[in-house]
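Remarks on the structure that follows.
The values are calculated or read from the model by the stated rules, or taken from the named source; none is laboratory data. Owing to the predicted nature of the structure, the values given are computational and were not obtained by experimental measurement. Positions of Cβ are backbone-derived with ideal geometry, glycine not excepted, and every protein chain shown enters the neighbour counts. With ligands, DNA and RNA removed, areas are computed over all heavy atoms of the protein, side chains included. Shrake-Rupley method; radii C 1.70, N 1.55, O 1.52, S 1.80 Å.
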Amino acid sequence: MLIIRCPICGDRPELEFRYGGEGHVARPAATEALDDQTVADRLYMRTNPKGLTVERWRHVHGCGRFFNAVRDTVSDFFVTTYKAGEPRPDLDALKKEAVR
Amino acid sequence: MSAPFRLATGGRIDRSKPLRFTFDGAAYTGFEGDTLASALIAGGVHLMGRSFKYHRPRGFLTAGPDEPNALVGVGASQDRYTPNLRAPVVELHDGLVAESQNRWPSLRFDAGAVNDLFSRFLPAGFYYKTFMWPKSFWKTVYEPKIRSMAGLGKAPTAPDADRYTQVYAHVDVLVVGAGPAGLAAALAAAESGRRVMLADEQPEVGGSLLHDVTATIEGRPAAAWVAETLAALEAKGVQVLTRTTAFGYYPHNMLGLLERVTDHYANPDPKLPRERLWQVRAGEVVLATGAIERPLVFPENDRPGILLADAARAYANRWAASVGKRVVIATACDSAYRTALDLKAHGIDVAVVADLRPMPIGPLVDAVRAAGIRVEAGTAVTGTRGRLRVRVAHLSRLDGRGGAHAPEPVACDALLMSGGWTPTVHLFSQSRGKLRFDEGLQAYVPSVSVEKERSAGGCNGVFDLAAVLADGYAAGESAARATRVRAPASRAFPVDGTHPVTGGHLGAVPHSRNPSAVKAFVDFQNDVTAKDLKLATREGLRSIEHVKRYTTTGMATDQGKTSNMNALGIVSEAIKAPIPQIGLTTFRAPYTPVTFGSFAGASRGDLFDPVRKTPSHSFAVEKGAPFENVGQWKRAWWYPRPGEDQHAAVRREVKAMRSSVGMFDASTLGKIEVVGPDAAAFMEMLYTNAWAKLGVGRCRYGVMLREDGFVMDDGVIGRLAADRFHVTTTTGGAPRVLNHMEDYLQTEFPHLAVWLTSITEQWAVTAVQGPKARDVIAALVEGVDLSDAALPHMSVVECRVCGVPARLFRVSFTGELGYEINVPADHGAAVWQAVYEAGQAYGITPYGTEAMHVARAEKGYIIVGQETDGTAGPDDVGLGWAIGKAKPDFVGKRALARPAMGAADRKQLVGLLTEDPATVLEEGAQIVADPVFEVPARMIGHVTSAYESPTLDRSIALAMVKGGRARMGETIYIPMPDRVIAAKVVAPVFYDQEGARLNG
Ligand SMILES: [Zn+2]
């Protein structure tokens, strides 16, 4: 069972968390002048990369906060987590760090 | 019964404590310290079962958890019966009852053994080849036949009478395996003062040292050293768990351990659980899981009496049980020479040691020769004889060209074999560590770690006892210091009376017999032979993962512990590719089988799932109501009067509610309080409707969409104050809706000052519905003008009811005048009772969920999750009116504007009236446009709700039909297995279409 670092509570077992889909996907707000294809992409298309991916998680059986996480889809392990609203980290830099 | 094969002296058994037991109904006696296997071997029993596919007689192969053959069912009664236990790890207790498996009618005569004669019709992959045609035969003929013939044990027929517990533990260092390497590792880790746990699957620590009667460590006999070391570890506070198998290695150093607590007792303390499942999170792990001896793959290597050489040594040294009177040893490894010496020392006749190697040398070989035992170099076993027990071994000198010379028959009652040792890398591999093929050892050994672990001793490819102890100590020290760097062994353990062991063989043993006529077994449990593997390679399979699935080698319950490396060797030779190129199959948890009971733990029966009861639960029980499970809730389904069936009760309840008054427990509705200065702004974003202008004290039916524009939930929402909304959700939807709200509040609209609180459990709800509803509650409600003008339909007021604080809603899910009285949950039962008593004057009728469903369907009120399925937009289910078109934004608004959401052929909610009013449609039934159709028919919709309506006195249904609103008045068809039902498309509101009764 993975240990996940909640940015609020610290290290906690996987059972306390719930996956929340891909991170940093912009909401297709009605006020935006988006064409239908862009709306469909935002609603349905996800990246599914091999390697580092950015995800939303919620510490649902803990503090209840949603946060973002970088996870490696090859090893399954989390690379880093950060609070919602903070900018998307530089994945290439994280990759280099992981190699080191 | 006597024990003719019990050695006169020695062993770790307590001869003062005899234990009686039965095997297949025959009585035997063993001693405390025996296993079922050692006691049967002492009793001269080797025939233990029939093999899986060919039903060949089989005996013990090993003395440990790697046993593939000797599977038994144990238990005197069905509620304490466990099938498929490996006899070598079943500890004996007085009164133990065991039986063999996979035989019919008896073990000595088995009808399935004809499979052996017809085996040329059962080649590798035969399940795939044979039983594919005709297709209809699979369910009716092949599968039942195969199942009855192929059974591996019988599942018990009674519920498990035992109790199982689960324990969580956190330790700094977990050492798995308490053989020499594990003990040394635990010693080193304990020196550091860290929290150390040492787990071993056997009843006592010591591992291979428990059957080593010649080695000394630090000047003491091995067994004495083990006892002293155990005492030292316990003195240092090391937690030592015996009878505890580390079966699974999960991410971040979480290991699953199964502790067998009571199976070895004749009369266990009833306070003890049968097993404990440990979930251990370890800072660092030392794997000291040892090594497994390999069989030799020679023709007819599977007769009872043919065992692994070190197993025979263990039976003699540890359990004083002799595997035979006259043994032949076939080997490619020095370790079998230890067996020869130890058996001879026990007075057992060792006829010959046949060594595959052309020129075996070394101190062990010299010692065997010096003991006067015949040694034949460059010699293989090329066949055996004996029906239910081996009686002759054919020894042939290898000709050096891949064949063998004419055999010499050697009489024996046991044939012992050793193909060398395979490191037990299962847990390392489960941890996703990378293995490396060591050419020198001809074995896979741990290479690159993923988790914080290190392997030591046999599982690390280290076999010399002094080196094993040093390796273990160094691993324990590096674990205690939490470093991967192995310090040079800072403690040497002087060892004597033991010799280094080399040699081994992978693959089949050469012979000159007709290869298509002999069976040399690789995987004993799944009956896979060298021939099957070669056939698989001839049919084009190259990867070991494919060969495994095609032949089923390594796929039995033992996961190929004794067979995987030989299979690799055979495939490697057959396709002329080095072993690392063929790969190695994946090791998966569990290492050995784990009971379902331990995984379930306390989650059985009443404790399987939490039960949520409504305030009226006892009332409903008293009235004899059956309960409907809705999520974890128990809801009264209907309240039968004497002699009434469901149909009659529901009919009466609906009619009574519509004609006078009914009451219903609606406490299970999800409830969320949305509070804060920005509460209305937040509601504007989360629901399609407009909220800003909703007056305090007014209610509105709200529709919640997902961002993709599909209906997610609905419910009546009351505004209690400018900054406070009382939101209701569907019964099952409350957690999902709260999560959805939190998500948007935290991530998309964090600027809004809003707080969300689940209040489902805080408020009990009694719904009072019907023309007399106002009259019933009037006497109970304090200080509220209940008139239509003061408290109209869709309004809410905070007041007191029956003297307790209440939120009184004027709402209806039945189409009648109705109220929902919310009171603090603790008062729910009292208020329910008070309403019931006040309603007696009007003949108030409690109704259950079925009547509620019927009543709402008569009105065409949808249930999210019944009429909708996650692909229905608000307009599809007739809720277009609830969309605030002037609102600049809400969740799902942009998606609703996509062209597909407005397509004319979307499925839309309609009502259906069957041509025959007595016919009630089946919910979920598919709908077609034409009664004459070819299969597969083009379906245009499905039935979502269907009932007999007491109010209309005929059947009604709701359905989602493509372009349904344009089909009003058309006839559509619902094909059923026996007929096609015709129905007319109508508006989905069947009763009181103008809604006059709401204002009653
Ligand atoms: Zn948290």
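Structure notes:
- Within the stretch B:374-399, residues that are part of a loop (DSSP other than H, G, I, E, B) have Cβ atoms under 9 Å from residues that are hydroxyl-bearing (Ser, Thr, Tyr) and surrounded by fewer than 18 Cβ atoms within 10 Å (Cβ to Cβ) in these pairs: B:ASP399/B:SER512, counting only partners at least 6 apart in sequence or on another chain.
- Residue match in the stretch A:48-62 (condition: away from the ligand (no atom under 16 Å from the Cβ), at the interface with another protein chain (Cβ under 10 Å from one of its Cβ atoms) and more than 26 Å from B:ARG706 (Cβ to Cβ)): no
- Restricting the stretch B:220-235 to residues that are touching a strand residue (DSSP E or B) at 6+ places or on another chain (Cβ under 8 Å) and touching a residue at least 12 places away in the same chain (Cβ under 8 Å), the residue that is farthest from B:ASP66 (Cα to Cα): B:LEU233
- Picking from residues in the stretch A:63-78 that are in a strand (DSSP E or B) and either of a type in the set (A, V, I, L, M) or open to solvent by less than 20 Å² (accessible area, probe 1.4 Å) (or both), the one that is nearest to the ligand (Cβ to nearest atom) is A:PHE67.
- Across the stretch B:199-213, not a single residue is classified as part of a strand (DSSP E or B) and either touching a Lys or Arg at 6+ places or on another chain (Cβ under 9 Å) or on the phi > 0 side of the Ramachandran plot (or both).
- Residues (within 17 Å of B:LEU669 (Cβ to Cβ) and not in a loop (DSSP other than H, G, I, E, B)) located in the stretch B:724-739: B:PHE725, B:HIS726, B:VAL727, B:THR728, B:THR729, B:ALA734, B:PRO735, B:ARG736, B:VAL737, B:LEU738
- Annotation: of all residues in the stretch A:6-32 being within 11 Å of chain B (Cβ to nearest Cβ) and assigned to a strand (DSSP E or B), the one that is nearest to the ligand (Cβ to nearest atom) is A:ASP11.
- Qualifying position, being open to solvent by 10 Å² or more (accessible area, probe 1.4 Å), under 32 Å from the mean Cα position of the chain (by Cα) and either within 14 Å of another protein chain (Cβ to nearest Cβ) or not polar (S, T, N, Q) (or both), among B:ARG281, B:ARG303, B:ARG318: B:ARG281
- When B:LEU469, B:LEU441 are screened for being more than 30 Å from A:LEU2 (Cβ to Cβ) and either part of a loop (DSSP other than H, G, I, E, B) or open to solvent by 40 Å² or more (accessible area, probe 1.4 Å) (or both), only B:LEU441 passes.
- So B:THR919, is it over 43 Å from the mean Cα position of the chain (by Cα) and either over 30 Å from B:LEU745 (Cβ atoms) or away from every other protein chain (no Cβ under 14 Å) (or both): yes
- Residue within the stretch B:806-816 that is surrounded by fewer than 16 Cβ atoms within 10 Å (Cβ to Cβ) and in contact with a strand residue (DSSP E or B) (Cβ under 8 Å, 6 or more places away or on another chain) present: no
Here's the yes/no breakdown for (1) β-branched (Val, Ile, Thr); (2) in contact (Cβ under 8 Å) with a residue 24 or more places away in the chain; (3) more than 29 Å from B:ARG658 (Cβ to Cβ):
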{"site": "B:ARG906", "(1), (2), (3)": "no, yes, yes"}
{"site": "B:VAL932", "(1), (2), (3)": "yes, no, yes"}
{"site": "B:THR944", "(1), (2), (3)": "yes, yes, no"}
{"site": "B:ILE956", "(1), (2), (3)": "yes, yes, no"}
{"site": "B:ARG967", "(1), (2), (3)": "no, yes, yes"}
{"site": "B:PRO975", "(1), (2), (3)": "no, yes, yes"}
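- In the stretch A:79-89 there is no residue matching the filter, namely being of a type in the set (Val, Ile, Thr), away from chain B (no Cβ under 13 Å), away from the ligand (no atom under 16 Å from the Cβ) and part of a loop (DSSP other than H, G, I, E, B).
The rows are residues; the columns are (1) in a strand (DSSP E or B); (2) surrounded by fewer than 24 Cβ atoms within 10 Å (Cβ to Cβ).
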| position | (1), (2) |
| --- | --- |
| B:LEU40 | no, no |
| B:PHE60 | no, no |
| B:ASP79 | no, yes |
| B:ASN84 | yes, yes |
| B:ASP94 | no, yes |
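- The C-beta contact set for the stretch B:737-759 (first residue away from every other protein chain (no Cβ under 12 Å), second residue assigned to a helix (DSSP H, G or I) and open to solvent by less than 30 Å² (accessible area, probe 1.4 Å), distance under 7 angstrom, 6+ apart or interchain) comprises B:LEU752/B:PHE682; B:LEU752/B:LEU745; B:VAL754/B:ALA679; B:VAL754/B:PHE682; B:VAL754/B:LEU745.
- Qualifying residue in the stretch B:565-576 (condition: assigned to a loop (DSSP other than H, G, I, E, B) and either hydroxyl-bearing (Ser, Thr, Tyr) or in contact with a His (Cβ under 6 Å, 6 or more places away or on another chain) (or both)): no
- A:ASP41 more than 8 Å from every other protein chain (Cβ to nearest Cβ) and over 15 Å from the mean Cα position of the chain (by Cα): yes
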